[in-house]
Every structure is written in C-alpha cells, then in structure tokens.
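Student: Could you have a look at this structure, given as structure tokens, before my questions?
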Amino acid sequence: MARRGGHPGLLRGGGGEAVRLLKKFLEGVGSALTVDEERLLRINNKRFTVGEDLDNFIFRWDNLVYAGKLLGKDRKLFHPSPTLLQELASEQGPLNRVHVNRETGWLFVCGRDVFEESILKKEGEFEEGVLSLVTFDGSCLGYGRVERFQGKRILKNVFDIGDFLRRERWRT
C-alpha cells in the first residue's frame, strides 16, 4: 500500500480490510465481478477504481476528492454505490436478484421492504441472510437482505436509490 502525495486519506492499491469487505459484498450477492486491487484508490472512506488512462492525468494526488468510478464507501460494512449496483444488475449469470413490478419498486425506493408474494421473479439464492438486488425493468433500485417477518420471508431494505432524496428532505 503506497501513500501518494502525503494525504493521509488517500491510499493506492491493497487496502486490506476495505477490499475484504468489498469482496464479501460481491460474494454476498452472488456476483462473479472481480476487483483489480492495483486499480483501487481510497479517498477518505470512499473506494474508486481508476483506469490507466485516468491514472496518467492525475498530477496532484493531495487534492483529490473523486477519481474514476465510485464503487462505494467502507465503514463497518461496505456500502455499494448506485453505479456499482447498476453494473451488478446488468451482469449475466448467477446473481441473487429479484424482479418487482412498478408499484412494489416504488414502495422499495420509498424505503419499504418487499414481501415475497410481491416478487415477480427470483434469481439465485433466496434464503435467510442472503443479500439480493432489487430490479425493475432492468434497472437496479437497491438491495436488501432476506429475513423472516411474522412467519413470512421478506426482503429487508438495506439500501435503495431513494435514500439520497430522503436525506436531502431532512436537511432543509
């Protein structure tokens, strides 16, 4: 792990625990996506992938705020960005994902959980504790964890794209 520019929140490569959390999330949703650790960049608690083409244009590493593609934030758990979720949703092959209709999708974006009977189609695992993407019409709305509630399986909302709007509402 090399430090660039002397900025303490800017680390190149490896990343140890944060990379482990990212890989754990990818495995949790059943993704086959691999991460090139040498292309990873951490700016404070955010994880980015930086391509070689962009790498050649970064001259001042000490003032970086954003670079490349945002993968997500790492705290105690890895919180994926909407960009990463959309990339995962378009991935072919085995992936834990559920497809919902417009009404259920809207409720999910508003922060609600998804009941099993509201799911149109399931792909991959749908067992307790498993993470699953929620998609509508090919777009990823967020992800949740399969849990039991009053004897029924539900997809507990962990993150949805409406989160940003709800946070803005409370600031004003």
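Student: Residues being surrounded by 12 or more Cβ atoms within 10 Å (Cβ to Cβ) and either charged (D, E, K, R) or at pLDDT 75 or above (or both): count how many of those fall in the stretch 55-76.
Tutor: 9
Residue-wise test of (1) closer than 29 Å to T49 by Cα; (2) assigned by TED's automatic domain parsing to the domain that holds F159.
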residue	(1), (2)
K76	yes, no
E91	yes, yes
N96	yes, yes
E103	no, yes
E117	no, yes
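Student: Right, another one. Could you look through the stretch 83-104, keep only residues that are touching a residue at least 60 places away in the same chain (Cβ under 8 Å) and surrounded by fewer than 18 Cβ atoms within 10 Å (Cβ to Cβ), and pick out the one that is nearest to the chain's Cα centre (by Cα)?
Tutor: E91
Student: How many residues, within the stretch 135-164, are surrounded by 11 or more Cβ atoms within 10 Å (Cβ to Cβ) and under 12 Å from G111 (Cα atoms)?
Tutor: Counting residues in the stretch 135-164 that are surrounded by 11 or more Cβ atoms within 10 Å (Cβ to Cβ) and under 12 Å from G111 (Cα atoms) gives 13.
Student: Criterion first (touching a Phe, Trp or Tyr at 6+ places or on another chain (Cβ under 8 Å), closer than 27 Å to L165 by Cβ and of a type outside the set (K, R)) does F78 satisfy it?
Tutor: Yes: the conditions hold for F78.
Student: May I pose another question? Any residue in the stretch 105-118 that's among the small types (G, A, S): show its pairings with residues that are assigned to a helix (DSSP H, G or I) at Cβ separation under 7 Å, as long as the two are six or more apart or on different chains.
Tutor: G111/R166; S118/T104
Student: Test F126 against the criterion of being assigned to a loop (DSSP other than H, G, I, E, B), of a type outside the set (K, R) and assigned by TED's automatic domain parsing to the domain that holds K156, and give yes or no.
Tutor: yes
The values are calculated or read from the model by the stated rules, or taken from the named source; none is laboratory data. Given the structure is predicted, the values throughout are model-derived calculations rather than measurements. Neighbour counts are summed over all protein chains in view; Cβ atoms, including those assigned to glycine, are modelled from backbone coordinates with ideal geometry.
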